[in-house]
Amino acid sequence: ALSLGDARPLLHVERSFFGVNSVLVDPGSQLHLLVHGDTVHGVQSFDPSRRCEPLSYYDRSGPIGRLFAALERMEARKRVAVVGLGAGCLVAYSRPGEEWTLYEIDPSVERIARDPRLFTYLCDCAPEARVILGDARLSLARAPAGAYDLLFLDAYSSDAIPVHLITREALALYLAKLSPHGILVLNISNRYLDLKPVVGDLARAAGLTALGCDELKISEEDRARGKTPSQWVLMARSPDDLGPLKEDPQWQ
């Protein structure tokens with residue numbers, strides 16, 4: 001293993017058309033980190049007792065954990081799509097009988113997510129999940145209408161959300177692929193832009209309900225175990241589709 005300037009060993013590095021993907025290991029915490037550019041795109045613990053524990057932006061104590069806890073109290077949502085594979089961390093929330101489809105533009109990201117020496121979310125937590133390679137807008141367009149109950153938009157290139165994925169035309173596509181009571185989930189975490197007004201305007205123009213949750217301050221203890229700050233927005237056709245989250249003061 002090579003070493004970067006932060007003294008964490010470099011397990012793997014791979015360059016593709018879309019940039020450089022690196023996998024680092026934090027020896028003290030047994031964490032593997034997928035890094036694109038200078039931004040972490042996935043974290044997994046290699047402590048055997050934590051292999052299917054969602055970390056980083058998806059921690060169970062954060063906004064996404066609260067989302068899935070609320071979904072357990074609502075009508076089952078069995079068809080889930082994720083735009084942006086990363087390390088595959090979100091599939092840690094999958095349950096038997098659900099259908100998960102992950103869209104990824106960079107073939108090297110899929111190779112990394114499927115290499116058990118680097119990450120095991122796909123093989124350990126959701127071995128039946130499908131990965132579809134290619135530009136997500138083009139790939140999604142081929143999915144049947146109403147194909148998904150839950151659609152995550154989590155596609156980053158280093159620290160930026162691809163602009164073509166948050167246009168009115170893109171939102172119309174997502175809605176067409178969501179079931180009537182489906183939920184669109186957007187990860188808007190980044191260091192430079194406040195995207196809430198942008199996605200809020202998109203929701204308003206489309207007549208949707210939108211809720212946002214910011215968790216920008218986390219404890220050092222949480223950070224040490226692999227959690228990262230995050231910002232998320234939910235969109236749905238009706239407030240009732242968001243169930244108990246519409247009464248949750250942490251979602252506004």
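The values are calculated or read from the model by the stated rules, or taken from the named source; none is laboratory data. Being a predicted model, the structure only gives us computed values, none of them experimental. Note that each Cβ is placed from the backbone with ideal geometry, even for glycine, and that neighbours are counted across all protein chains shown. These area figures cover heavy atoms from the full protein model, side chains too; ligands, DNA and RNA do not enter into them. Shrake-Rupley method; radii C 1.70, N 1.55, O 1.52, S 1.80 Å.
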Going through the stretch 100-146 in order, the residues found to be basic (Lys, Arg), surrounded by 14 or more Cβ atoms within 10 Å (Cβ to Cβ) and within 18 Å of Lys177 (Cα to Cα) are Arg137
Enumerate the pairs (first residue in the stretch 86-110 and within 19 Å of Arg137 (Cβ to Cβ); second residue anywhere and of a type in the set (A, V, I, L, M) and surrounded by fewer than 20 Cβ atoms within 10 Å (Cβ to Cβ)) with beta-carbon separation below 7 Å, excluding pairs fewer than 6 apart on the same chain, so at least 6 apart or on different chains. Thr101/Ile132; Leu102/Val131; Tyr103/Ile132; Glu104/Val131; Glu104/Leu133; Pro107/Leu133; Glu110/Val131; Glu110/Leu133
Selection within the stretch 224-252 - under 14 Å from Ala69 (Cβ atoms), surrounded by 20 or more Cβ atoms within 10 Å (Cβ to Cβ) and in contact with a Lys or Arg (Cβ under 9 Å, 6 or more places away or on another chain): Leu245, Trp251
Taking Arg8 as meeting all but one of (1) touching a residue at least 60 places away in the same chain (Cβ under 8 Å); (2) farther than 22 Å from Trp100 by Cα; (3) basic (Lys, Arg), write down the number of the exception. (1)
Only one of Val35, Val23 is closer than 16 Å to Leu122 by Cβ and not in a loop (DSSP other than H, G, I, E, B). Can you tell me which? Val23
Any residue in the stretch 53-78 that's free of Cβ contacts under 8 Å to residues at least 40 places away in the same chain: show its pairings with residues that are in a loop (DSSP other than H, G, I, E, B) and of a type in the set (Phe, Trp, Tyr) at Cβ separation under 9 Å, as long as the two are six or more apart or on different chains. Gly65/Tyr58
Residue that is nearest to Ala136 (Cα to Cα), among those in the stretch 166-199 that are charged (D, E, K, R) and surrounded by 12 or more Cβ atoms within 10 Å (Cβ to Cβ): Lys177
With the structure loaded, tell me whether Arg73 is open to solvent by 10 Å² or more (accessible area, probe 1.4 Å), within 30 Å of Pro249 (Cα to Cα), touching a helix residue (DSSP H, G or I) at 6+ places or on another chain (Cβ under 8 Å) and part of a loop (DSSP other than H, G, I, E, B) or whether it fails that test. yes
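So how many residues does the stretch 224-252 have that are under 16 Å from Ser56 (Cβ atoms) and in a strand (DSSP E or B)? Outline the logic, then answer.
Within the stretch 224-252, the subset under 16 Å from Ser56 (Cβ atoms) is 224-232.
The next check asks that each one be in a strand (DSSP E or B); those that pass are 227, 230-232.
Result for the stretch 224-252: 4.
In this structure, does Glu128 turn out to be in a loop (DSSP other than H, G, I, E, B), without any contact (Cβ under 8 Å) to a residue 40 or more places away in the chain and either among the charged types (D, E, K, R) or under 25 Å from Leu24 (Cα atoms) (or both)? Give the derivation first.
On the way: in a loop (DSSP other than H, G, I, E, B): yes; without any contact (Cβ under 8 Å) to a residue 40 or more places away in the chain: yes; either among the charged types (D, E, K, R) or under 25 Å from Leu24 (Cα atoms) (or both): yes.
Here the answer is yes, as Glu128 does meet what is asked.
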Only residues that are open to solvent by less than 40 Å² (accessible area, probe 1.4 Å), assigned to a helix (DSSP H, G or I) and in contact with a helix residue (DSSP H, G or I) (Cβ under 9 Å, 6 or more places away or on another chain): list them for the stretch 200-223, please. Leu202, Ala203
Consider Pro54 against the criteria (1) surrounded by 15 or more Cβ atoms within 10 Å (Cβ to Cβ); (2) part of a helix (DSSP H, G or I); (3) not acidic (Asp, Glu): it satisfies all of them except one. Which criterion is unmet? (2)
Working only within the stretch 30-51, note down all residues that are crowded, with 19+ Cβ neighbours inside 10 Å and either in contact with a helix residue (DSSP H, G or I) (Cβ under 6 Å, 6 or more places away or on another chain) or not β-branched (Val, Ile, Thr) (or both). Leu31, His32, Leu33, Leu34, His36, His41, Gly42, Gln44
Please verify whether Leu140 is in contact (Cβ under 8 Å) with a residue 40 or more places away in the chain, under 17 Å from the mean Cα position of the chain (by Cα) and part of a helix (DSSP H, G or I), treating the condition exactly as stated. yes
